[in-house]
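Colleague: So that we are looking at the same thing, I have put the structure below in structure tokens.
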Amino acid sequence: MNADVLLFFSKAPQALTLYEVLEKGILARCHGTTVDVQKSQIAFDNGRRFAFASLRGKRLVVTFGLGQRL
């Protein structure tokens, strides 16, 4: 986790703990993944962006881009 992530969660610090679990799990399972903190979301990328974390008010919303429809 870096300073950009901490700044992203500065308005909703209660969501940070859950995000930490998410980030740790993704980075442990998806080697070579980078974390890109943007203004409205945090993207996980391993050649293509496959997971996104964003805030809706004080709630953490996680979106996954899958290779096929469910």
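The values are calculated or read from the model by the stated rules, or taken from the named source; none is laboratory data. Because the structure is a prediction, the values reported are computed rather than measured. Please note: Cβ atoms are built from the backbone with ideal geometry, for glycine as well, and neighbour counts cover all protein chains shown. Accessible surface areas use protein heavy atoms only, side chains included; no ligands, DNA or RNA. Shrake-Rupley method; radii C 1.70, N 1.55, O 1.52, S 1.80 Å.
Colleague: So which of Asn46, Asn2 is in contact (Cβ under 8 Å) with a residue 24 or more places away in the chain and more than 10 Å from the chain's Cα centre (by Cα)? Show your work before the answer.
Modeller: Values: Asn46 fails: in contact (Cβ under 8 Å) with a residue 24 or more places away in the chain.
Step by step, each of Asn46, Asn2 is checked, and only Asn2 is in contact (Cβ under 8 Å) with a residue 24 or more places away in the chain and more than 10 Å from the chain's Cα centre (by Cα).
Colleague: A further question follows. Can you tell me which residues in the stretch 49-70 are under 17 Å from Leu16 (Cβ atoms) and open to solvent by 70 Å² or more (accessible area, probe 1.4 Å)?
Modeller: Selection gives Arg56, Lys58, Arg59.
Colleague: From (1) touching an Asp or Glu at 6+ places or on another chain (Cβ under 7 Å); (2) modelled with pLDDT of 95 or more; (3) of a type in the set (A, V, I, L, M), pick out the condition that doesn't hold for Leu6.
Modeller: (1) is the only condition that Leu6 fails.
Colleague: Give the stretch 13-48 a look and list any residue that's closer than 20 Å to Leu66 by Cα, open to solvent by 80 Å² or more (accessible area, probe 1.4 Å) and part of a helix (DSSP H, G or I), or say none.
Modeller: Lys24, Arg29
Colleague: Quick check: anything in the stretch 41-52 at pLDDT below 95, out of contact with any Ser or Thr (no Cβ under 6 Å at 6 or more places or on another chain) and at positive phi?
Modeller: yes
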